[in-house]
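Input: a single structure, listed below in structure tokens.
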Amino acid sequence: MKAIQIRETGGPEVLRIAELPIPVPGPGQVLIRVEAIGVNFIDTYFRKGQYKATFPLVPGSEAAGTVEDCGSGVTGFKPGDAVASTAVLGSYAEYALVPAAQLVKVPDGVTPEQAAAALLQGMTAHYLAYSTWPLKPGETCLVHAGAGGVGLLLTQMAARIGTRVITTVSTEEKAALSREAGASDVILYTQQDFVSEIKRLTHGKGVDVVYDSVGKTSFEGSLNCLR
């Protein structure tokens, strides 16, 4: 099979096409024929050496495709099933081995591209909305980077719950995406002070929770937005 392999850390030039044997699933493992992959920041961290890894390495931690074969002890999956996985290295290849415990079936009507793109960011948005701070109808949340992958999914989840969602974005184009996802108010932080806008939009009350994926430049302001 063809795969993208890294033998040393560095820039994009260290990504090389390699011919590798198709892996054989062991106990509890599923072999999937990869049809779509997710490309995430973590992949670049492994490539650059920010995260430690054993080389040679086939990067990629999100994959969607079709079950090709199952190892012993695997239940709930069979060849031909549409599936997706995350947090398992090796998706930059035509075939990938995945523990059955980290595999999910893809519902009808969801494309491999959608499935591969949704898992990592989708689970992040889900634990933020349902576990880290379980949102409730009538609450107000602030989502920074509202037009990013997590931001758009988190906005949709929060809006479905009945939470008022205020987001920050950098451009009008991103503002349109954020509103389409369900944001009730969008702040262009490149033109407006988001703390002042939050105070205005909430009549001085502030928000119940801030989801801040930016960090250094927004941290103090985010604290000042809380009720």
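Could you compute how much accessible surface residue 1 exposes when probed at 1.4 Å, giving the result in Å² to the nearest 10?
30
Using alpha carbons only, how many degrees (0 to 90, rounded to 10) separate the axis of helix 112-127 from the longest principal axis of the chain?
Relative to the chain, helix 112-127 is tipped by roughly 50 degrees.
Quick one: go through region 157-200 and flag any residue whose amide nitrogen is under 19 Å from the point 7 Å out along the Cα-to-Cβ line of residue 216.
Zone members listed by number: 190.
FRET efficiency for residue 170 and residue 22, Cβ-Cβ distance as r, R0 = 45 Å, nearest 0.05?
0.55
Carbon and sulfur atoms: what percent of the 1.4 Å accessible area of the chain do they account for?
56
How would you rank 55-62, 17-24, 217-224, 142-149, highest first, on the average number of other Cβ atoms within 10 Å across their residues?
142-149, 55-62, 217-224, 17-24
Please state the shape class of region 142-227: rounded when a/c is under 1.5, otherwise prolate if a/b exceeds b/c and oblate if not, all from the C-alpha gyration tensor.
In terms of gyration-tensor shape, rounded.
On the first, second and third principal axes, largest extent first, how far apart are the outermost C-alpha atoms of region 1-95 in Å?
That works out to 39, 24, 22 Å along the principal axes.
Determine the per residue accessible area of region 47-146 with all protein chains present and a 1.4 angstrom probe, expressed in square angstrom.
49
In degrees, nearest 10, range 0 to 90: what is the angle between the Cα axis of helix 149-161 and the longest Cα principal axis of the chain?
Orientation of helix 149-161: about 60 degrees from the principal axis.
Using a 10 angstrom cutoff on alpha carbons, build the Gaussian network for the chain and name the most mobile of 106, 14, 88.
14
Take the Cβ-Cβ distance between residue 111 and residue 87 as r, set R0 to 35 Å, and report the resulting FRET efficiency rounded to the nearest 0.05.
E(calc), rounded to 0.05, equals 0.95.
The values are calculated or read from the model by the stated rules, or taken from the named source; none is laboratory data. What you see is a predicted model, and the numbers here were worked out from it, not measured in a lab. For neighbour counting, all protein chains shown are included, and Cβ atoms are generated from backbone atoms with ideal geometry for every residue, glycine included. To get the accessible areas, we keep the full protein, side chains included, count just its heavy atoms, and leave off ligands, DNA and RNA. Shrake-Rupley method; radii C 1.70, N 1.55, O 1.52, S 1.80 Å.
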